[in-house]
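Let me begin by presenting the structure, written as structure tokens, before commenting on it.
The values are calculated or read from the model by the stated rules, or taken from the named source; none is laboratory data. Since this is a predicted model, take the numbers as computed values, not measurements. Please note: Cβ atoms are built from the backbone with ideal geometry, for glycine as well, and neighbour counts cover all protein chains shown. These area figures cover heavy atoms from the full protein model, side chains too; ligands, DNA and RNA do not enter into them. Shrake-Rupley method; radii C 1.70, N 1.55, O 1.52, S 1.80 Å.
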Amino acid sequence: HGIVHVPADQPDLVAALDAAQAGDTIILADGTWSGPGFTSGFLVKTKSVLLRSAGGVPENCILQGGATGGTAMWMAEGGPVPSGLVVRGMTFRGASAGVVSLAGANLSFEDCVFADNTASPPVNVLQ
């Protein structure tokens, strides 16, 4: 299983998720990340991977929603439902929804923070 560092190996989360193979770990460097490739409602269409922050402290690795209040991350919209995606140690902040997922997606959030998002609950499941 491989390790993909963002931004050292891939420029953004979209590229890292596209390049990842089942069982890989994607490590996002600590910092505040926003814009295309990090937020702005991108689609996650991937295999079983671990997506985690470099330092493991959610307050140090933030996916910041756009100025228009867009969704921080879309899971599986318009593509295959993720199977076993784990997101660990990140904050989803300042979006209309932290995460939007399709029903049936097998994803989990460990040690994540959802703050200052306008939607409740922070993870919205579309039927």
Rank these by accessible area, largest first, 1.4 Å probe: T32, T25, T91. T32, T25, T91
Between S108 and D9, how many nm apart are label points set 7 Å from Cα along the C-beta direction? 2.2
Net lengthening on full extension, D116/V57 (0.36 nm per residue, minus Cα-Cα): 19.5 nm
